[in-house]
Amino acid sequence: MSTHPVGHIGPNAIIQTTAALRARVGDTQALALVQQATGRTFDSMPEQMVPEGEVLALVQALQQQLDPQAFEGVLRDAGVRTARYLMAHRIPRFVQRLTRVLPATWALRILMQGILRHSWTFAGTAEVEHVTHSRRGPDRLVMHHCPMCRGLTASAPLCHFYAATLQTLLTQLVSANARVYECACEANGADSCEFVLQVA
């Protein structure tokens, strides 16, 4: 069992979102938005786990201050950056080599086992499960009490960060044809946030 405090998320949720925001809107606007939402500057990015509420506050600020296209673009870019960080620093090289040579369905199972073991690092107090459908349809990752859209409302799914992270990991480690999309979101009134994982 992890000794990290409950209700915290890995620092990449802040670091990579800030980097994506700077690339999208420039340093001046990005600094103002990040500082207003989190109290941080570019020189005080987190090095340890951060409270869920800080991540949620940043996502809420993005939703309020950016147009929908820019909001989605920033979070997707942040998700891609996070996936690349994970492949460079967190996912063992032998696991990456293994998943790339296995059949896609097997590789997906191995990758998802690792994701679930470390879900506390990106989901905090959320409950995360991997729902397998076998021949009945594609697998799904289901997140209850999602920390990135908790209490927010929208007419379309909001969890672009998670979708892009998963999409990048799957296309790089499972199948170049993999596709991930959010089919249900708590911000739209659903009971959970659900991501379809298509690998074939």
Item to check | Residue order, fewest to most beta carbons within 10 Å, for F71, F94, F42 | outcome: F94, F42, F71
Item to check | Net charge contributed by nearby residues that have their C-beta within less than 12 Å of T82 (K/R +1, D/E -1) | outcome: +3
Item to check | Integer Hz, Karplus 6.51/-1.76/1.60 couplings in order for the range 60-65, x for Gly and Pro | outcome: 4, 5, 4, 4, 6, 9
Item to check | Least to most buried among H133, H89 (fewest other Cβ within 10 Å first) | outcome: H89, H133
Next on the checklist: If I take every Cα pair under 8 Å that is 6 or more residues apart in the range 137-200, average their sequence separation and divide by the length, what percent do I get for the relative contact order?
Outcome noted: 44 percent
Checklist entry - Percent relative contact order of the chain, based on C-alpha pairs within less than 8 angstrom and at least six residues apart? => result 22 percent
Next on the checklist: Counting other beta carbons within 10 Å of each residue's own, what order do L66, L141 fall into, fewest first?
Outcome noted: L66, L141
Checklist outcome for this item: Sorted by number, the cysteines in the chain with no other cysteine beta-carbon under 4.7 Å are C149, C159, C183, C185
Checklist entry - A107: net charge of surrounding residues, Cβ under 14 Å, Lys/Arg +1, Asp/Glu -1, itself excluded? => result +2
Checklist entry - Are there GluC sites (Glu not before Pro) in the range 1-67 that DSSP puts in a loop and that have at most 15 other Cβ atoms within 10 Å, and which ones? => result E47
Checklist outcome for this item: Here the net charge surrounding Q63, from other residues whose Cβ is less than 13 Å away from its Cβ (Lys, Arg +1; Asp, Glu -1), is -1
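Each reported figure results from applying straightforward, stated rules to the coordinates on display, with no laboratory input. Keep in mind it's a predicted model, so treat the numbers as computed, not measured. Note: ideal-geometry Cβ built from the backbone for every residue, glycine included; neighbour counts use all protein chains shown.
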